[in-house]
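The values are calculated or read from the model by the stated rules, or taken from the named source; none is laboratory data. Just so you know, these numbers come straight off a predicted model, no measurement behind them. Heads up, the Cβs are rebuilt from the backbone with ideal geometry, glycines too, and the neighbour counts pull from every protein chain shown. Each accessible area value is taken on the protein alone, full model and side chains, heavy atoms only, with ligands, DNA and RNA left out. Shrake-Rupley method; radii C 1.70, N 1.55, O 1.52, S 1.80 Å.
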Amino acid sequence: MKKINDCEITKAINAPLILKKVLVQRADSKNRNGRKYPKAILEREIAAYNDNFVKSRRALGELDHCNENTVNLKNVSHLFTEMWWEGDDVYANIEVLNAPEFPAGRIMEGLIKRRIPVGFSTRGMGSVTELDENTVEVNDDFSLLCIDAVSYEST
């Protein structure tokens with residue numbers, strides 16, 4: 001097992017690349033995108049995501065954000081296998097989909113193997129309230145759609 005970008009990475013021969021204990025979101029703190037996710041809203045959405053997607057192996061994400069409100073299966077790169085809270089932080093174990101039928105996953109694995117940072121960012125729908133000129137807070141109508149792999153994560 002080795003560490004890259006502060007997360008543990010395991011890979012046996014011919015086995016999927018697994019990223020362990022990856023920080024994917026933080027509650028009650030302004031992120032790099034200027035968004036603040038209240039913990040109560042994030043707790044609700046992470047619980048629903050776990051119940052509806054993670055537990056059934058449908059918690060897929062794409063390589064880069066798109067403007068769609070659904071996950072495009074031809075662009076999936078990773079699968080969330082576990083997700084949990086530690087204080088105000090949400091962590092996950094992630095399987096990189098690196099088989100030939102997942103070109104985006106192979107790109108993601110190639111970046112990680114070459115120590116090129118890959119981060120994760122939530123994609124969702126909902127409104128925001130402006131707190132000040134540099135910060136918006138996600139409102140109660142927020143719905144978490146997925147968590148994508150990105151070149152510069154917000155958390």
Condition test on Ser127, is it small (Gly, Ala, Ser), more than 15 Å from Leu17 (Cβ to Cβ) and either in contact with a Cys (Cβ under 7 Å, 6 or more places away or on another chain) or open to solvent by 40 Å² or more (accessible area, probe 1.4 Å) (or both)? yes
Can you name the residue in the stretch 132-155 that is under 21 Å from Val96 (Cβ atoms) and part of a loop (DSSP other than H, G, I, E, B) and is also least open to solvent (accessible area, probe 1.4 Å) among such residues? Ser154
Is it the case that some residue within the stretch 40-56 is of a type in the set (Val, Ile, Thr), open to solvent by 60 Å² or more (accessible area, probe 1.4 Å), more than 12 Å from the chain's Cα centre (by Cα) and under 17 Å from Gly124 (Cα atoms)? no
With Leu144, Leu111 as the choices, which residue is under 15 Å from Asn31 (Cβ atoms) and over 10 Å from the mean Cα position of the chain (by Cα)? Leu144
Residues that are open to solvent by 80 Å² or more (accessible area, probe 1.4 Å) and either among the aliphatic types (A, V, I, L, M) or closer than 17 Å to Val22 by Cβ (or both): does the stretch 95-106 have at least one? no
With respect to the numbered conditions (1) more than 17 Å from Leu145 (Cα to Cα); (2) touching a residue at least 24 places away in the same chain (Cβ under 8 Å), which one is the sole condition not fulfilled by Ala15? (2)
